[in-house]
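Only one structure is covered here, and it is reproduced in the block below.
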Amino acid sequence: MPPGHYLVIDLEATCCDRGTIEREESEIIEIGAVMVNADTLVAVDEFSTFVRPVHHPALTEFCTNLTSIRQEDVDTAPELREVIRKLVSWAEQFSDHLFCSGVTTIGIKSDGSVATSESIARSLPVTGT
């Protein structure tokens, strides 16, 4: 059965241009998500929150200029663990959603099962040529 919704997520992370924060030490500082109706491709709901970084709590000037996220935005934000709980709770309103990643060839269905890019493609409606 094809999914009724697609969950689209955008992340912003700590960053620097001077090598003071290793790329693999970047922390999520903002999560934005949109639930999209699979038939109409129209956004039906949104989720957005800042996230407080814990390993490198001070944003670099480079990061602020790149993302427009200010230090005071993240200082008062919840930590990632709490934000993930809120995101999952929000997404569970749409029991038939499919989360897809642009950097992998798999998706995670709302029931926790994994879908390959081939099975996702087979479930999509075919439109005229």
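The values are calculated or read from the model by the stated rules, or taken from the named source; none is laboratory data. Because the structure is a prediction, the values reported are computed rather than measured. Using ideal geometry, Cβ is built from the backbone for each residue, glycine included, and neighbour counts are taken over all protein chains shown.
Considering segment 38-57 alone, what residues qualify as being exposed (fewer than 11 other Cβ atoms within 10 Å of the Cβ) and of a type in the set (A, V, I, L, M, F, W, C)? Those that are exposed (fewer than 11 other Cβ atoms within 10 Å of the Cβ) and of a type in the set (A, V, I, L, M, F, W, C): 41, 42, 54.
Residues of segment 2-33 that are over 20 Å from residue 73 (Cβ atoms) and either assigned to a strand (DSSP E or B) or touching an Asp or Glu at 6+ places or on another chain (Cβ under 8 Å) (or both): 3, 4, 5, 6, 7, 8.
Hey, among 51, 83, 103, 88, which residue is modelled with pLDDT of 95 or more and not small (Gly, Ala, Ser)?
51
Scanning segment 31-53 turns up no residue that is farther than 22 Å from residue 93 by Cβ and touching a Cys at 6+ places or on another chain (Cβ under 8 Å).
Give segment 1-14 a look and list any residue that's farther than 29 Å from residue 95 by Cβ and either crowded, with 18+ Cβ neighbours inside 10 Å or modelled with pLDDT under 80 (or both), or say none.
14
Against the list (1) without any contact (Cβ under 8 Å) to a residue 60 or more places away in the chain; (2) not in a strand (DSSP E or B), the condition residue 94 fails is (1).
Among the residues in segment 117-127, are any in contact with a Leu (Cβ under 9 Å, 6 or more places away or on another chain), at pLDDT 70 or above and not acidic (Asp, Glu)? Looking through segment 117-127, none of the residues is in contact with a Leu (Cβ under 9 Å, 6 or more places away or on another chain), at pLDDT 70 or above and not acidic (Asp, Glu).
Restricting attention to segment 34-52, which residues are in a loop (DSSP other than H, G, I, E, B) and either of a type in the set (Lys, Arg) or within 16 Å of the chain's Cα centre (by Cα) (or both)?
51, 52
So is residue 21 under 18 Å from the mean Cα position of the chain (by Cα) and either at pLDDT below 85 or not basic (Lys, Arg) (or both) or not? Answer is no for this residue. Residues of segment 54-82 that are over 29 Å from residue 93 (Cα atoms) and part of a loop (DSSP other than H, G, I, E, B): 54, 55, 56, 57, 58, 59, 60, 68, 70.
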